[in-house]
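Have a look at the structure below before the remarks.
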Ligand code: FES
């Protein structure tokens, strides 16, 4: 099974939220049954997923704005001020990602 197929098989719960990509002036919608990682990969954002369970930090992505709901087990409090793991984490508000 390809890594993309594994990503697509995940069905997390939670509310939908948006991710704004500053470099392309594009807003992505993460539906309740999707992960942010799925949506970012589908949009062509260069992320190399690892565990897909929030434990490895391979997918850690920098954000500049957003009220995150961190669900990983690998980032510390300082990391979480600027990084999130899109394989598991969600947001209460729109997330802004800058290159
Ligand atoms: S892929 Fe391992 S923390 Fe996201």
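What follows draws every value from the coordinates through simple rules; no lab data is involved. Everything numeric in this text was worked out from a predicted model, so none of it was measured. Cβ: placed from backbone, ideal geometry, glycine included. Neighbour counts: every protein chain shown.
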> What 222 nm value per residue comes from the helices of the chain, counting each DSSP H run with n ≥ 4 as -39,500 (n - 2.57) and dividing by all residues, nearest 500 deg cm²/dmol?
Replying inline: -3500 deg cm²/dmol
> How far, in nm, would the chain grow between residue 25 and residue 92 when pulled straight, counting 0.36 nm per residue and subtracting the alpha carbon separation?
Replying inline: 22.1 nm
> Sorted from fewest to most neighbouring beta carbons within 10 Å, what does the list 25, 79, 72 look like?
Replying inline: 25, 79, 72
> Expressed as a rounded percentage, what relative contact order does the chain have, with Cα pairs under 8 Å and six or more residues apart?
Replying inline: 31 percent
> Dividing the alpha-carbon radius of gyration of the stretch 17-97 by 2.2 N^0.38 Å (N being the number of residues), what value is obtained?
Replying inline: 0.97
> What is the calculated FRET efficiency for residue 67 to residue 99, with r their C-beta to C-beta distance and R₀ = 25 Å, to the nearest 0.05?
Replying inline: 0.70
